[in-house]
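Novice: For reference, the structure I am asking about is given below.
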Amino acid sequence: MSPSRRNFLLKNKETFGILLCQTDSEDFQKTIIETIANNVKAAVPEILDNKNADYLFTFIMYGSLNVLRVWIQSGFDTPTRDLAELIYQSCNNVAK
């Protein structure tokens, strides 16, 4: 991630914290998760061949969201690129 994007995240830490870390924003979080899942399903329709696709999506999406929550609460202590790679590799392994 470019320094300008990282600076954007750091400057808006409070907003991201409210949107992703507060229990009263769960409807917002659910909407984000559903939107992303629908886009992934449309982009990679063969993933729907798995009879447990809905469970896998739930695990991947909520797991990724919680990793982001911990990252925000930890003050963005891991470089963005490293965190993105961790999430990608984890999700890729689950989806196999």
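Novice: Going through region 13-49 one residue at a time, which ones are part of a loop (DSSP other than H, G, I, E, B) and open to solvent by 70 Å² or more (accessible area, probe 1.4 Å)?
Specialist: Q22 - this is the single residue of region 13-49 that is part of a loop (DSSP other than H, G, I, E, B) and open to solvent by 70 Å² or more (accessible area, probe 1.4 Å).
Novice: List pairs: first residue in region 48-64 and over 19 Å from A84 (Cβ atoms), second residue outside any helix (DSSP H, G or I) and open to solvent by 80 Å² or more (accessible area, probe 1.4 Å) anywhere in the structure, Cβ distance under 8 angstrom, at least six positions apart or on different chains.
Specialist: Correct list of pairs: empty, since none qualify.
Novice: If a residue has to be in contact (Cβ under 8 Å) with a residue 12 or more places away in the chain and either touching a Pro at 6+ places or on another chain (Cβ under 7 Å) or open to solvent by 60 Å² or more (accessible area, probe 1.4 Å) (or both) to count, how many in region 85-96 make the cut?
Specialist: Filtering region 85-96 for residues in contact (Cβ under 8 Å) with a residue 12 or more places away in the chain gives 86-87, 90-91, 94-95.
With the extra rule that they be either touching a Pro at 6+ places or on another chain (Cβ under 7 Å) or open to solvent by 60 Å² or more (accessible area, probe 1.4 Å) (or both), the set shrinks to 86.
Total satisfying the criteria: 1.
Novice: Which ones in region 52-77 are exposed (fewer than 15 other Cβ atoms within 10 Å of the Cβ) and either of a type in the set (D, E) or not in a helix (DSSP H, G or I) (or both)?
Specialist: N52, D54, S74, G75, D77, listed by residue number.
The values are calculated or read from the model by the stated rules, or taken from the named source; none is laboratory data. Only a predicted model underlies this, so the values are computations on that prediction, with no experimental measurement involved. Neighbour counts are summed over all protein chains in view; Cβ atoms, including those assigned to glycine, are modelled from backbone coordinates with ideal geometry. Only protein heavy atoms, including side chains, enter the accessible area calculation; ligands, DNA and RNA are left aside. Shrake-Rupley method; radii C 1.70, N 1.55, O 1.52, S 1.80 Å.
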